[in-house]
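Participant: Dropping the structure in here first, questions after.
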Amino acid sequence: MGEVGSLIAGAPIPAAPDLVRMRRDRGEKLQHQLGAAGLDGLVLMGTSAVAYATGAVAPAVDSSHAVLDRTVAIVVSGAPAAHLFTAHPEGAPSELPTEFLHGPLYPELDEGVTTIKRALDELFEPGARLGCDELTHAMLRGLPDREFTSAAAVLGAAKLCKTPDELACIRAAQRINELAMWDVQAMLRPGLRQTDLTARFLRRVFELGATTNAIDPIWQVMPTMRAGGPWTTHGDIAFPLATGDRLLREGDVIWVDSGITYQGYASDFGRTWIVGADPAPSARQQAQFDRWAAVVEAVLERCQPGTTALELGQTAIAANEGVKPWIEHFYLAHGVGTDSAEMPLIGTDLGASFDERLILQPGMVFVLEPVIWDDGAAGYRAEDIVAITDDGWVPLSAHPYDPFVGAW
Amino acid sequence: MSAAGGPGAGSIAGAGAGVLGLTGASDQIDFARLRAERRRRLFDAMAAGGVDVLVLGRPANVAYASGAQQLWTAGTRPFGPACLVVRSTGRVHLLSTWDAGVPPEIGHDELFGLSWNPAILASNLGAIAGLGDAAQVGTDGFSPGARQLLAALCPHAAVVDAAPVLSRARTPKTPDELACIVSAAGIAEAALSALVAALDPGVSERQLLGVYAEAIAGLGAPTPPTEAVVCATPRQGPVRLRRLATDRCLAPGELVVLNPGAFYAGYEGTLARTWVVGAMVPSPAQRRLAQRSRETLQAVLDACRAGTTGAELCRVWDSTGEAPPPEPFVRGVGLGAELPLIGHRVGQSAQLAAGTVLAVTAWVAVDGVGGVLEQDLVLVTDGEPARLTRYGRGPLA
């Protein structure tokens with residue numbers, strides 16, 4: 001199976017991203033969407049939204065730290081850059097004009113909001129139409145004269161189709177993630193704890209140049225049968241469960257899922273492994289993998305501009321003999337960018353009409369993650385990333401499926 | 001994190017149990033008692049604050065209210081209802097599609113599943129008794145979307161800031177919580193030892209970040225409070241505290257800041273020391289810098305007593321003669337970072353309460369010499385503050 005084309009709006013994906021060009025292109029898209037939405041500006045406080053709007057890099061922190069030590073972006077319609085408020089000026093883009101780089105705001109605290117109010121009064125007229133991603137109660141108290149609408153539509157539209165430089169970042173993040181997984185899989189044997197795999201993985205991703213780790217890596221030992229797993233609200237499989245210090249045993253089937261970031265862009269690695277010195281899938285396990293590969297191949301054949309997400313979902317179901325090949329609470333595929341899961345989502349409970357309106361365009365990115373579950377064989381799940389090109393698709397991931405063989 | 005709910009949560013007694021102690025067994029922490037005490041404090045604080053329902057989205061608040069194990073992701077999350085605490089029914093409702101990692105006191109009928117569809121979410125939440133007729137609903141975040149959702153779910157409610165209720169419950173630590181924090185401090189100290197052992201000239205900041213991450217994960221505590229752990233400071237030119245690891249390689253004789261943290265059962269431990277790279281004897285100027293840092297840290301630590309205000313702590317800092325630090329130098333520690341946050345620009349009116357745990361940080365730097373960062377955890381009491389972290393100062397002792 002090979003890619004059909006690899007140009008995005010006529011441009012190839014560069015071997016290495018041009019970060020300055022990437023940030024400029026993103027800024028222009030954001031400005032365009034601001035205009036389309038009739039907004040005068042945005043106030044952004046979510047980690048990934050700020051990363052997208054400003055290009056700033058900050059150390060990864062626990063969510064409890066992230067809300068106290070927020071990086072904030074204020075985007076003004078027509079301005080050449082987003083204002084960046086940060087405690088980490090070393091992470092600001094090199095090309096950011098100094099008048100756009102500011103000290104940290106503390107939107108959790110009333111005194112912090114006093115500073116935000118001053119900044120907003122300087123940048124915007126009273127009554128300006130502003131979008132935001134989040135608000136704090138201190139902001140509700142301290143900015144009674146400002147009204148905010150949701151910035152979701154503006155951000156979502158800007159982020160939906162990636163530029164070739166953004167795709168190069170995702171591919172670079174994925175490469176780091178995959179290289180680290182070679183080392184992790186090589187050490188896989190009975191008697192290790194799940195967290196031992198985490199230790200190896202994290203050491204390697206930082207050595208290989210990851211900017212941050214994004215999620216506690218998952219090494220979930222799957223039950224052979226659905227009924228052997230945890231109770232769920234919908235009766236389907238529980239996944240992903242957080243990692244603990246469980247000891248891995250011979251023959252355990254583990255579903256692996258991890259994500260790191262490179263220059264703000266997330267990777268997404270998913271594979272199914274079997275614990276053992278020389279693991280060999282059973283016939284049923286191998287058949288699950290073959291089915292998984294057939295589903296992915298069928299979906300990829302439809303991956304081109306103009307296809308709807310609904311058609312992709314229907315194609316996947318048809319390739320799995322009429323059974324939906326994904327977990328009830330998830331999807332056939334999700335996008336990836338500055339968020340580890342973002343639009344386009346395919347096959348969620350947003351429903352068929354949502355999927356029908358979602359039409360593939362060049363620059364969209366999908367993490368395809370079908371799940372094949374033959375009850376009694378512990379299931380097969382893997383994730384591969386593709387980008388939609390001008391006339392087809394191109395892979396952004398490249399990792400073997402060992403110990404499963406065949407297909408490609 | 002390895003177990004926000006701790007042993008006793010969900011399937012812990014089954015095959016998923018840890019066996020090596022960090023998540024499996026403790027002779028000093030009773031996790032069922034810990035959760036019961038948290039729950040009691042939360043409902044008491046809601047009663048005292050007149051809040052009928054809490055709608056919580058932040059993982060630390062969800063962990064406090066529910067004790068459930070949650071998947072760790074870095075950074076902020078968009079505000080959304082992940083845990084609802086209803087005073088009239090005494091129930092805690094949790095966003096969880098499964099019961100794994102959910103403590104036994106939360107029943108299956110108190111779980112609601114993940115949904116991407118706001119209409120389905122609203123329908124799930126609408127079935128929760130006590131929400132529709134609530135008069136005061138406290139939230140720990142807000143967004144334009146949340147405004148619509150809450151208006152539909154509890155049309156008569158005033159939406160208020162949950163922070164006072166949460167702070168009242170969470171700020172004074174129970175003995176079990178303190179034991180968790182001390183356990184986390186032990187993990188952080190072990191990570192500091194791993195970092196010190198790796199301080200060979202030529203190693204990069206990013207490699208050291210890898211050493212740190214490997215160390216905490218190897219101890220069964222794989223998630224970091226922050227990846228801002230290592231900062232090498234140059235012996236020539238200007239010195240700044242940088243929090244983002246780079247590929248910069250350490251040169252012999254440089255001062256390098258080591259600031260590892262860790263979680264145990266959701267509770268944070270953290271400390272910082274500054275070390276000399278390589279088998280080098282510190283210069284007299286480096287020794288003087290370390291002495292100044294130590295004196296500043298000690299002065300602030302000594303002042304961390306019940307009733308002290310943020311403004312007073314700033315005056316203590318200033319009395320040492322050191323320049324105001326680039327970051328807040330005192331912050332709360334519990335289920336991760338907590339208020340108060342005190343620095344020269346924030347937290348002036350904050351007042352320390354007995355039972356609070358604080359991370360106190362001192363940073364002093366001289367261009368051409370380097371920078372020294374030191375950090376310790378301290379328990380605020382009505383009397384003498386109690387230091388919770390322990391670590392020597394190596395070549396800078």
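Participant: Can A:Met139 be described as more than 30 Å from A:Ser6 (Cα to Cα), among the aliphatic types (A, V, I, L, M) and at pLDDT 95 or above?
Facilitator: Yes, satisfied.
Participant: Further question: Can you tell me which residue is farthest from the other protein chains (Cβ to nearest Cβ) among those in segment B:137-159 that are in contact with a helix residue (DSSP H, G or I) (Cβ under 8 Å, 6 or more places away or on another chain) and in a strand (DSSP E or B)?
Facilitator: Step by step, filter segment B:137-159, then rank; the result is B:Val137.
Participant: Still on this structure, I have one more. Kindly indicate whether any position in segment A:38-55 is among the charged types (D, E, K, R) and more than 14 Å from every other protein chain (Cβ to nearest Cβ).
Facilitator: yes
Participant: Collect the residues in segment B:334-362 that are among the β-branched types (Val, Ile, Thr) and at the interface with chain A (Cβ under 9 Å from one of its Cβ atoms), keeping them in residue-number order.
Facilitator: B:Val346
Participant: Return the residues of segment A:380-397 that are surrounded by 24 or more Cβ atoms within 10 Å (Cβ to Cβ) and either of a type in the set (Phe, Trp, Tyr) or outside any strand (DSSP E or B) (or both); say none if nothing qualifies.
Facilitator: Within segment A:380-397, A:Tyr380, A:Ala382, A:Thr389, A:Trp393, A:Leu396 qualify.
Participant: Exactly one condition in (1) farther than 15 Å from A:Asp355 by Cα; (2) surrounded by fewer than 23 Cβ atoms within 10 Å (Cβ to Cβ); (3) not aliphatic (A, V, I, L, M) is false for A:Trp292; which is it?
Facilitator: With (1) farther than 15 Å from A:Asp355 by Cα; (2) surrounded by fewer than 23 Cβ atoms within 10 Å (Cβ to Cβ); (3) not aliphatic (A, V, I, L, M) applied to A:Trp292, the lone miss is (2).
Participant: Right, here's the next one. Hey, any hits in segment B:110-127 for a residue that's surrounded by 21 or more Cβ atoms within 10 Å (Cβ to Cβ), of a type in the set (A, V, I, L, M) and either outside the structural domain of B:Asn61 (by TED's automatic domain parsing) or in contact (Cβ under 8 Å) with a residue 24 or more places away in the chain (or both)?
Facilitator: Yes, that holds for at least one residue.
Participant: Within the set of pairs 6 or more residues apart or between chains, which connect a residue that is assigned to a loop (DSSP other than H, G, I, E, B) inside segment A:117-134 to a residue that is surrounded by fewer than 16 Cβ atoms within 10 Å (Cβ to Cβ) with Cβ atoms less than 7 Å apart?
Facilitator: A:Pro126/A:Asp145; A:Arg129/A:Gly38
Participant: I would also like to ask the following. Looking at segment B:220-254, which of its residues are in contact with a His (Cβ under 9 Å, 6 or more places away or on another chain) and either at positive phi or not basic (Lys, Arg) (or both)?
Facilitator: B:Pro225, B:Thr226, B:Ala228, B:Leu244
Participant: Which of (1) more than 25 Å from the chain's Cα centre (by Cα); (2) buried (at least 19 other Cβ atoms within 10 Å of the Cβ); (3) without any contact (Cβ under 8 Å) to a residue 40 or more places away in the chain; (4) at the interface with another protein chain (Cβ under 7 Å from one of its Cβ atoms) is the odd one out, the single condition A:Trp231 does not satisfy?
Facilitator: A:Trp231 satisfies every listed condition except (2).
Participant: Return the pairs, sorted by first residue and then second, in which the second residue is among the acidic types (Asp, Glu), the first residue lies in segment A:176-188 and is surrounded by fewer than 22 Cβ atoms within 10 Å (Cβ to Cβ), the beta carbons are less than 9 Å apart, and the residues are 6+ apart or on different chains.
Facilitator: From segment A:176-188, the pairs are A:Gln185/A:Asp402; A:Met187/A:Asp196.
Participant: For segment B:156-169, name all the residues that are touching a residue at least 40 places away in the same chain (Cβ under 8 Å) and touching a strand residue (DSSP E or B) at 6+ places or on another chain (Cβ under 6 Å).
Facilitator: B:Ala157, B:Val160, B:Ala162, B:Val165
Participant: Under 6 Å between Cβ atoms, at least 6 apart or on separate chains: pull out the pairs that start in segment A:155-171 with a residue that is closer than 15 Å to A:Ser6 by Cβ and in contact (Cβ under 8 Å) with a residue 40 or more places away in the chain and end on any residue that is basic (Lys, Arg) and in a helix (DSSP H, G or I).
Facilitator: Listed by first residue and then by second, the contacts come to A:Asp165/A:Arg21.
Participant: Can you tell me how many residues in segment A:274-328 are touching a residue at least 40 places away in the same chain (Cβ under 8 Å), of a type in the set (Val, Ile, Thr) and not in a loop (DSSP other than H, G, I, E, B)?
Facilitator: Here the count works out to 5.
Participant: May I pose another question? Here is a check on your reading of the model: is A:Gly191 over 22 Å from A:Ser48 (Cβ atoms), part of a loop (DSSP other than H, G, I, E, B), within 14 Å of another protein chain (Cβ to nearest Cβ) and of a type in the set (Gly, Ala, Ser)?
Facilitator: yes
Participant: Exactly one condition in (1) modelled with pLDDT of 95 or more; (2) out of contact with any Ser or Thr (no Cβ under 8 Å at 6 or more places or on another chain) is not met by A:Ala82; state its number.
Facilitator: Among (1) modelled with pLDDT of 95 or more; (2) out of contact with any Ser or Thr (no Cβ under 8 Å at 6 or more places or on another chain), the lone unmet condition for A:Ala82 is (2).
Participant: For segment B:62-76: of the residues being in contact with a helix residue (DSSP H, G or I) (Cβ under 6 Å, 6 or more places away or on another chain) and either surrounded by fewer than 23 Cβ atoms within 10 Å (Cβ to Cβ) or within 12 Å of chain A (Cβ to nearest Cβ) (or both), which is nearest to B:Gly132 (Cα to Cα)?
Facilitator: Only one residue tops the list, namely B:Tyr64.
Participant: Right, here's the next one. With the requirement that a residue be surrounded by fewer than 22 Cβ atoms within 10 Å (Cβ to Cβ) and touching a strand residue (DSSP E or B) at 6+ places or on another chain (Cβ under 8 Å), what does segment B:324-337 give you?
Facilitator: B:Pro325, B:Pro326, B:Glu327
Participant: I'd like the full set of residues that are under 23 Å from the mean Cα position of the chain (by Cα) and of a type in the set (A, V, I, L, M, F, W, C), limited to segment B:318-339.
Facilitator: B:Phe329, B:Val330, B:Val333, B:Leu335, B:Ala337, B:Leu339
Participant: Identify, please: which residue in segment A:329-364 is of a type in the set (Ser, Thr, Tyr) and touching a residue at least 40 places away in the same chain (Cβ under 8 Å) and is, among those, nearest to the other protein chains (Cβ to nearest Cβ)?
Facilitator: It comes out as A:Ser340.
Participant: Here is a further query. When you look at B:Val53, is it under 22 Å from A:Thr136 (Cα atoms), touching a residue at least 12 places away in the same chain (Cβ under 8 Å), β-branched (Val, Ile, Thr) and more than 9 Å from every other protein chain (Cβ to nearest Cβ), yes or no?
Facilitator: Yes, satisfied.
Participant: For segment B:81-104, which positions are assigned to a loop (DSSP other than H, G, I, E, B) and crowded, with 16+ Cβ neighbours inside 10 Å?
Facilitator: Hits for segment B:81-104 are B:Pro81, B:Ala82, B:Arg87, B:Ser96, B:Thr97, B:Asp99, B:Ala100, B:Gly101, B:Val102, B:Pro103.
Participant: I've got another one for you. I need a count of the residues in segment A:86-112 that are part of a helix (DSSP H, G or I), within 31 Å of the chain's Cα centre (by Cα) and within 11 Å of another protein chain (Cβ to nearest Cβ).
Facilitator: Within segment A:86-112, residues that are part of a helix (DSSP H, G or I), within 31 Å of the chain's Cα centre (by Cα) and within 11 Å of another protein chain (Cβ to nearest Cβ) number 4.
Participant: If we scan segment A:149-171, do we find a residue that is within 10 Å of chain B (Cβ to nearest Cβ) and hydrophobic (A, V, I, L, M, F, W, C)?
Facilitator: Yes, because at least one residue in segment A:149-171 is within 10 Å of chain B (Cβ to nearest Cβ) and hydrophobic (A, V, I, L, M, F, W, C).
Participant: If you take the residues in segment A:135-144 that are assigned to a helix (DSSP H, G or I) and facing another protein chain (nearest Cβ under 9 Å), which one is surrounded by the most Cβ atoms within 10 Å (Cβ to Cβ)?
Facilitator: Residue satisfying both the conditions and the ranking: A:Met139.
Participant: Give the residues of segment A:205-228 that are touching a Gly at 6+ places or on another chain (Cβ under 7 Å) and either within 8 Å of chain B (Cβ to nearest Cβ) or part of a strand (DSSP E or B) (or both), sorted by residue number.
Facilitator: The answer is A:Phe206, A:Glu207, A:Ala214, A:Ile215.
The values are calculated or read from the model by the stated rules, or taken from the named source; none is laboratory data. Note that this is a predicted model, so its numbers are computed, not measured. Note that we place each Cβ from the backbone using ideal geometry, even for glycine, and neighbour counts take in every protein chain shown.
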